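The values are calculated or read from the model by the stated rules, or taken from the named source; none is laboratory data. Everything quoted here is computed from the prediction, not taken from an experiment. Cβ sites come from the backbone with ideal geometry, for glycine too, and all protein chains shown count toward neighbours. The area values use the complete protein model at the heavy-atom level, side chains included, leaving out ligands, DNA and RNA. Shrake-Rupley method; radii C 1.70, N 1.55, O 1.52, S 1.80 Å.
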Amino acid sequence: MPQGPPTPHTLLGLTPDGRLLFLTRCLRMFAYGFLSVVLVLYLKAVGLEEGQIGLLLTLTLLGDTAVSLWITTSADRVSRRGMLIAGAALMLAGGLALALTTDFLILLLAATVAVISPSGNEVGPFLSIEQAALAQTVSDEERTRVFAWYNVVGQIAAALGALAGGFVSETLLREGYAGADIYRPLAWAYGAVGLILALGFTRLSPAAEAPPGAAPASHRWLGLHRSHGVVFRLAGLFALDAFGGGFVVQSFVAYWFHVRFGANPATLGAIFFGANILAAVSSLAAASLARRFGLINTMVFTHLPSNVLLLLVPLMPTLPLAILVLLLRFSISQMDVPTRQSYTMAVVAPDERSAAAGITGVARSIGAGLAPFLVGL
């Protein structure tokens, strides 16, 4: 059945669990946004070299894959709520590690096992499990529209987080703080958000859990039973896409603007505020495009112009031109996201959804995680 354009009315029919998942998405993305803008600046301020920072960010993304794979492939069988709480605890641990130590080896360990977002995008097990829970609270006809809004509110929250991170850092700089002390309060705040999320997830009802499965546990592998083929084909494609995206994680792009043009934290915050707002708008447009052209065509044919614009960013001779091209890129960059998520939910059984989203998400994390080390070098 065709889907109409997304409207705020789409959100009014959400269940209490659905509204809670939208709220936790907003809080989490706000924290990802403010940390990503200052993360590389902070790590540089505590004495790490670019190569060390690149390795740390790579381990952040790759370490997340193993943890997320175990959590998401177990969630439908064990407890979605319990696994979300576990993810929030790892986010808390990541914030505490950044705030409490400057030792490179300890930071590497924290980067490997905790949940830290260097890109301003989703990391950890949250997205996969929340998508699975949301998908069973709405009809198939509403799913893409709900996912579009789910991405929109997340992008807006990340944009506000980036703006807040830049503003707080600039304010502390003007107040006389120096070095790592400018950015450390944001690490504390990141950990605090992890604690709030853990408390919030305890409010999820049994309705958010997976329905009884069609296949016994003995017939499953990584939480899947009948959908192995399509899930692993999608995982391969998503990994390749994310590998390219891993070269432009938001933390390193912010650092590049700082090194190339001397952009200060407030400017960086404003840049990525605008970028994330435009990305949110592109997510909304995805539902309308999918209604007209189909989910797969929308995923495929929005990639080319987005990546051409990205190629042009480092060729710009001035900061305003580089910002303009980057913002143009973000204005179409997220059109594939809700369509990709909706398609994945559509092609697997309800009791495979957390696992399918988790496996494809882990594939993206592996692809994205291989790139930052190369960028650092």
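Assorted remarks:
- Pick from the stretch 112-161, criterion free of Cβ contacts under 8 Å to residues at least 60 places away in the same chain and of a type outside the set (Val, Ile, Thr), ranking: surrounded by the most Cβ atoms within 10 Å (Cβ to Cβ): Ala114
- Residues of the stretch 162-203 satisfying the condition of being surrounded by fewer than 23 Cβ atoms within 10 Å (Cβ to Cβ) and either on the phi > 0 side of the Ramachandran plot or outside any helix (DSSP H, G or I) (or both): Glu175, Gly176, Tyr177, Ala178, Gly179, Thr202, Arg203
- The listed residues are Val259, Val300, and the only one of them that is modelled with pLDDT of 85 or more and open to solvent by 50 Å² or more (accessible area, probe 1.4 Å) turns out to be Val259.
- None of Ala215, Ala285 is assigned to a helix (DSSP H, G or I), small (Gly, Ala, Ser) and at pLDDT below 80 except Ala285.
- Residues of the stretch 234-256 classified as open to solvent by 40 Å² or more (accessible area, probe 1.4 Å) and of a type outside the set (Gly, Ala, Ser), total: 7
- Tallying residues that are farther than 20 Å from Leu195 by Cα and at pLDDT 85 or above within the stretch 19-38 yields 1.
- Whichever residue in the stretch 326-372 is open to solvent by 20 Å² or more (accessible area, probe 1.4 Å), more than 13 Å from Ala132 (Cα to Cα) and of a type in the set (D, E, K, R) and, among such residues, is nearest to the chain's Cα centre (by Cα): Arg364
- In the stretch 16-47, the residues that are β-branched (Val, Ile, Thr) and either open to solvent by 10 Å² or more (accessible area, probe 1.4 Å) or more than 18 Å from Ala162 (Cβ to Cβ) (or both): Thr24, Val46
- Residue in the stretch 83-105 that is of a type outside the set (S, T, N, Q), open to solvent by 30 Å² or more (accessible area, probe 1.4 Å) and in contact with a Pro (Cβ under 9 Å, 6 or more places away or on another chain) present: yes
- Among the residues examined, Val375 qualifies as over 16 Å from the mean Cα position of the chain (by Cα) and either open to solvent by 10 Å² or more (accessible area, probe 1.4 Å) or modelled with pLDDT of 85 or more (or both).
- Filter pass, Leu57 being under 22 Å from Ala31 (Cβ atoms) and surrounded by 19 or more Cβ atoms within 10 Å (Cβ to Cβ): yes
- Any helices (runs of 4 or more DSSP H) falling wholly within the stretch 295-366 and containing at least 3 residues that are without any contact (Cβ under 8 Å) to a residue 24 or more places away in the chain and farther than 21 Å from Leu240 by Cα: 319-330
- Residues that are among the small types (Gly, Ala, Ser) and either open to solvent by 20 Å² or more (accessible area, probe 1.4 Å) or at pLDDT 85 or above (or both), drawn from the stretch 218-233: Ser218, Gly229
- Among the residues of the stretch 262-282, those identified as open to solvent by 30 Å² or more (accessible area, probe 1.4 Å) and outside any helix (DSSP H, G or I) are Gly262, Asn264.
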